[in-house]
Structure formats: C-alpha cells, structure tokens
Amino acid sequence: LYFEASDADDLRKPGFSKDGKHQQPQIVLGLLVSENGYPLDYDIFEGNKYEGETLLPVIAHFQTKYKSENLTIVADAGLLSKKNIALLKEKEYQYILGARIKNEPTKIVNQILALHLNDKESAVIKKQEERLIISYKEQRARKDAHNRKRGLEKLEKNLKSGKLTKSNINNKGYNKYLKMEGNVEIAINYEKYEQDSCWDGLKGYLTNTTLSKEEVIEKYGQLWAVEKTFRISKSDLQIRPIFHRLQHRIKAHICISFAACKVYKELERQLKEKKSMLSPEKAIDILKTIYEISIQTPFSM
C-alpha cells in the first residue's frame with residue numbers, strides 16, 4: 001500500500017510495488033481470510049519486506065489472539081519457500097500449498113508425466129508425510145498452450161528486431177526457451193518449447209491434511225477469494241493511497257479499513273443468504289440515497 005509522500009522512515013519504505021509506484025514509500029499488508037474471503041486478521045510490515053516472509057507472522061499473530069484449533073493454511077506458490085514449508089512442518093500446521101511440480105525430483109516428475117489424466121481427473125503421489133495431488137483440466141491445458149505460444153511469438157519478434165541480449169538468457173518466464181549459439185548468437189530452443197507441452201493442464205497441490213483429493217482441490221480453488229477481498233479493500237474501500245505519516249495514524253487507517261471490509265463482506269453474506277439480486281455495491285449506492293431527518297415542532301402532541 002503506497003503513500004502520497006516521498007520521504008521514507010522505519011515503516012514506510014520503497015520496495016516492490018504492485019501498483020507501479022516504485023518511487024513512493026509503502027507498507028506491506030498481510031491479510032488472513034476464511035472461506036469466501038471473510039477477513040480474519042491482518043498485520044503490517046515494512047515496505048521493503050519480501051511477501052514470502054509475512055505468511056508465518058500473520059498466522060502466529062492470529063493464533064496468539066484466538067487460540068484457534070484445526071487451522072488449515074491454504075497458500076499459493078508465491079508465498080512459499082523451503083524455509084516457509086519447513087516452518088509450517090515444524091509448528092505442525094495443517095496446510096494445502098500450491099506445488100511447483102516442474103521442480104520436483106526426477107523420480108516424482110516421471111511419476112507425474114506418466115499419469116495421463118483425463119479432463120477433471122486427479123491422482124495422488126505419496127511424498128513421505130505429505131501427499132502431492134495432481135489434477136488435469138482441458139480448459140487449463142488450452143490456456144497454458146495459448147500462453148506458451150504467445151510467449152514464444154514475443155521472443156521471436158524480439159529476436160528478429162535485435163532486442164534480445166545476453167542479459168535475457170535466464171529462467172524468467174519464457175526466457176527459458178532462449179539459448180546461446182557460438183560466441184554471440186542467441187537462438188530459440190524450440191525443442192524445449194515442445195517438451196513443455198506435456199505440462200499443459202497439470203496443477204499440483206501439496207498437503208499434509210487427511211482431506212480427500214477433491215476437497216484439497218476445492219479448498220485451494222477458493223484462494224481467489226483472497227484476491228477479491230484485496231480488490232474490495234483497494235478499490236471500493238480506497239485503502240490506498242495513504243496520506244498519513246505518523247505510525248499510530250497509519251495503523252488506525254488500516255484498522256478502520258479492515259473493519260469496513262468486514263462490514264462489506266457481512267453485507268455480501270446477508271444479501272446472498274436472503275437471495276437478493278442486489279450486489280453489495282448496488283446496495284451501498286441505494287443506502288446513500290436514504291436520509292433521516294428529526295424535527296421538533298412547537299406544538300404538543
């Protein structure tokens with residue numbers, strides 16, 4: 001969350017900005033939600049904090065306050081590192097995590113590629129105390145193939161225009177299809193591009209829970225609710241930009257926004273429960289037109 005300011009301090013620091021505001025200081029907000037994106041807890045971190053280091057502190061913060069039991073953490077691969085996974089195991093948390101299946105050991109990779117799943121089928125591969133669940137969807141396969149082709153076409157265009165240099169030889173995105181030939185020539189590795197098609201449509205989930213594979217996939221699929229709640233906070237509730245400078249005012253601003261988000265999500269839940277055709281945004285627009293006026297007359301009743 002960025003600030004309309006240029007000066008940094010101990011909390012407000014420049015860092016990776018998802019809003020493209022790299023010149024402005026920011027803070028990192030860690031948000032914990034339940035099913036359907038209902039806000040449970042949050043914590044604030046310095047603006048240059050790597051988001052992967054916010055997962056465990058937010059969970060610990062929540063458990064300290066509420067002494068919750070049977071907590072299962074669901075998180076995507078972006079928040080996960082070997083350190084985070086090790087800490088989840090050490091603290092004996094139940095978890096469902098997005099798996100980087102291409103980075104698995106050769107033995108596991110061979111098992112995955114030998115599955116030959118049909119549309120919406122899934123399989124389980126045992127991994128010591130965990131299960132690696134692999135699912136396949138034709139719709140996802142088409143999307144993966146489309147994205148790979150688009151990435152290849154972009155590389156071909158840049159190669160033809162001479163925009164590619166040695167600095168582009170890395171594993172970022174579709175740059176992995178580039179290779180160097182001779183001393184200076186950069187070429188596209190079409191063989192690697194074709195080999196990657198065997199991964200189209202496959203997705204992995206790592207879990208130590210006793211939930212069925214169908215339940216694991218369903219729970220992981222609810223992660224979109226986190227992004228939706230963040231969008232509500234940023235757009236509808238206008239949590240940023242932040243104009244405060246003092247830490248206690250910044251924390252108060254976030255607290256008020258968090259409370260407003262809980263009220264918004266409760267409105268959403270009530271509308272859904274009552275089978276209303278209104279969206280929360282429409283209901284709020286209607287509420288803005290309703291006024292109450294109190295008057296006092298000189299006449300006794």
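The values are calculated or read from the model by the stated rules, or taken from the named source; none is laboratory data. Everything quoted here is computed from the prediction, not taken from an experiment. Here the Cβ positions follow ideal geometry from the backbone for every residue, glycine too, while neighbour counts run over all protein chains shown. Side chains included, ligands, DNA and RNA excluded: accessible areas come from the protein's heavy atoms. Shrake-Rupley method; radii C 1.70, N 1.55, O 1.52, S 1.80 Å.
Taking a 26 Å limit on the Cα-Cα distance, which of the listed pairs K21/K49; K137/K213; K65/K251; K83/K154; K157/K179; K49/K172 fall beyond it? As for pairs spanning more than 26 Å Cα to Cα, those are K83/K154.
Tell me the trypsin sites (Lys or Arg not before Pro) within the stretch 45-134 that lie in a loop according to DSSP and have at most 13 other beta-carbon atoms within 10 Å. Could you put the intermediate results ahead of the total?
Values: sites: K49, K65, K67, K82, K83, K89, K91, R100, K102, K107, K120, K126, K127, R131; in loops: K49, K67, K91, R100, K120.
Answer in residue order: K67, K91, R100, K120.
Along the axis of the charge dipole computed for the chain (Cβ charges of +1 for Lys and Arg, -1 for Asp and Glu, origin at the Cα centre), the listed residues Y50, Y190, L88 are led at the positive end by Y190. Placing dummy labels 7 Å off each Cα toward the beta-carbon, the span from T210 to E121 is 2.9 nm.
Go ahead and run the numbers for FRET between K82 and K107, Cβ-Cβ distance against an R0 of 25 Å, rounding to 0.05.
Values: r = 18 Å, r/R0 = 0.74.
Once the sixth-power term is evaluated, E becomes 0.85.
Using only side-chain charges placed at the Cβ, +1 for Lys and Arg and -1 for Asp and Glu, the dipole size of the stretch 102-200 relative to its Cα centre rounds to 380 debye.
For the stretch 105-213, the solvent-accessible area with a 1.4 angstrom probe is 66 square angstrom per residue.
Under the rule that an exposed site lies in a DSSP loop and has at most 13 other Cβ atoms within 10 Å, name the longest stretch of the chain with no GluC sites (Glu not before Pro) of that kind, not counting the sites themselves. Walk me through the numbers on the way to the answer.
Working: sites that count: E4, E69, E92, E121, E129, E292.
Longest gap between qualifying sites, sites excluded: 130-291.
Over the stretch 1-63, calculate the relative contact order: mean separation of alpha carbon pairs under 8 Å at least 6 apart, over the residue count, as a percent.
Values: 107 pairs, mean separation 18.8, N = 63.
Averaging sequence separation for qualifying contacts and normalising by length gives 30 percent for the stretch 1-63.
Straight-line cross-link partners of K275 among the lysines, defined as a Cα under 21 Å from its Cα and at least 8 positions apart when in the same chain: K228, K262, K265.
When only the Cβ of Lys, Arg, Asp and Glu is charged (+1, +1, -1, -1), the dipole of the chain relative to its Cα centre reaches about 520 debye.
Here the label points at E194 and K274, each 7 Å from Cα along the C-beta direction, are separated by 6.2 nm in the simple model. Measuring nothing but how far apart in sequence close Cα pairs (under 8 Å, 6+ apart) lie, relative to its length, the stretch 64-149 scores a relative contact order of 19 percent.
A simple spin-label model places the labels of N70 and I286 3.6 nm from each other, with each point 7 Å out along Cα-to-Cβ. Carbon-plus-sulfur accessible fraction, the chain (probe radius 1.4 Å, protein heavy atoms only): 51%.
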